[in-house]
Amino acid sequence: MLKVGLTGGIGAGKSEVSRLLVERGAVLIDADRIAREVVAPGTPGLAAVVETFGEEVLAADGGLDRPRLGSIVFADAAKLATLNAIVHPLVGARSRELEEAAADDAVVVHDVPLLTENGLAPLYDVVIVVEARPETQLDRLVRLRGMSEEDARARMAAQATREQRREIADIVIDNDVPLEDLERRVKDVWAELERRSRASRPSPQE
């Protein structure tokens, strides 16, 4: 099994890269999706978040009001750390379960937004960083996700810098390009991941 960590700043376009890798055969473990699952209604995770931040972070349907919670924690580093201390262990446990269920020869891609910030690079055989210019990230967050510019800038500022991500990157993918260029780049990256996966497998004599 080849364990790949995929990361990048919010709005950099990791989801598009992960989609293209899945099309080529990768097994995707999406930390953001799991993070939503572990705080779904009725879970111990949601109960812990409400106990810590109050019922104001609940939506009318009893689920988590993510924009409201985001506006609280991304403006306060201590509150963000508190939230992470609740959610990250739950995400880690579920991610390990999914990884253990994958085939022995799989290329398993962990899409982890905070890989750099949480010092997780040593957990992976390969780290891929998806990059985009800050102005591109801001535009995507405001135009495509409907965030206010203030919230978008706060979320970007709460994450690692481009330089910090590059320090832990084995492969960098530029996502400030047309889709066809991104597809060609991901095709080349997939070929490299397959090569590394084959090289990591024991020989028949071992």
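The values are calculated or read from the model by the stated rules, or taken from the named source; none is laboratory data. Note that the structure is a prediction, hence the values are computed from the model and not measured. When we count neighbours, we look across all protein chains shown, and the Cβ atoms used for this are built from the backbone with ideal geometry, even at glycine. Note: areas computed on protein heavy atoms with side chains; ligands, DNA, RNA excluded. Shrake-Rupley method; radii C 1.70, N 1.55, O 1.52, S 1.80 Å.
The figures follow:
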{"read-out": "Failed criterion for L98 (all others in (1) in a helix (DSSP H, G or I); (2) in contact with a Lys or Arg (Cβ under 8 Å, 6 or more places away or on another chain); (3) hydrophobic (A, V, I, L, M, F, W, C); (4) surrounded by fewer than 17 Cβ atoms within 10 Å (Cβ to Cβ) hold)", "value": "(2)"}
{"read-out": "Matching residues, the range 1-24, being closer than 16 Å to K187 by Cβ and open to solvent by 50 Å² or more (accessible area, probe 1.4 Å)", "value": "E16, R19, V22, E23, R24"}
{"read-out": "Positions within the range 157-206 being more than 21 Å from A102 (Cβ to Cβ), in contact with a strand residue (DSSP E or B) (Cβ under 9 Å, 6 or more places away or on another chain), open to solvent by 40 Å² or more (accessible area, probe 1.4 Å) and in a helix (DSSP H, G or I), in sequence order", "value": "R162, R166, I168, D181, R185"}
{"read-out": "Breaking point among (1) in a loop (DSSP other than H, G, I, E, B); (2) open to solvent by 30 Å² or more (accessible area, probe 1.4 Å), for L115", "value": "(2)"}
{"read-out": "Residue match in the range 120-127 (condition: in contact with an Asp or Glu (Cβ under 6 Å, 6 or more places away or on another chain) and aliphatic (A, V, I, L, M))", "value": "yes"}
{"read-out": "Hits in the range 76-108 - residues which are in contact (Cβ under 8 Å) with a residue 60 or more places away in the chain and of a type in the set (G, A, S)", "value": "A77, S95, A102, A103, A106"}
{"read-out": "When residues of the range 10-29 are limited to those that are in contact with a Ser or Thr (Cβ under 9 Å, 6 or more places away or on another chain) and at pLDDT below 95, the one nearest to E100 (Cα to Cα)", "value": "K14"}
{"read-out": "Extreme residue, modelled with the highest pLDDT, among residues of the range 61-78 that are under 20 Å from the mean Cα position of the chain (by Cα) and assigned to a helix (DSSP H, G or I)", "value": "L69"}
{"read-out": "Those helices (runs of 4 or more DSSP H) lying entirely in the range 1-53 with at least 2 residues under 22 Å from P122 (Cα atoms)", "value": "14-23, 31-37"}
{"read-out": "Of residues in the range 143-156 being closer than 21 Å to D76 by Cα and assigned to a helix (DSSP H, G or I), the one least open to solvent (accessible area, probe 1.4 Å)", "value": "A152"}
{"read-out": "Matching residues in the range 33-49 - criterion: being at pLDDT below 95 and more than 23 Å from the chain's Cα centre (by Cα)", "value": "G42"}
{"read-out": "Residue, surrounded by the fewest Cβ atoms within 10 Å (Cβ to Cβ), within the range 25-46, restricted to residues that are touching a strand residue (DSSP E or B) at 6+ places or on another chain (Cβ under 9 Å) and either closer than 24 Å to E135 by Cα or of a type in the set (D, E, K, R) (or both)", "value": "R33"}
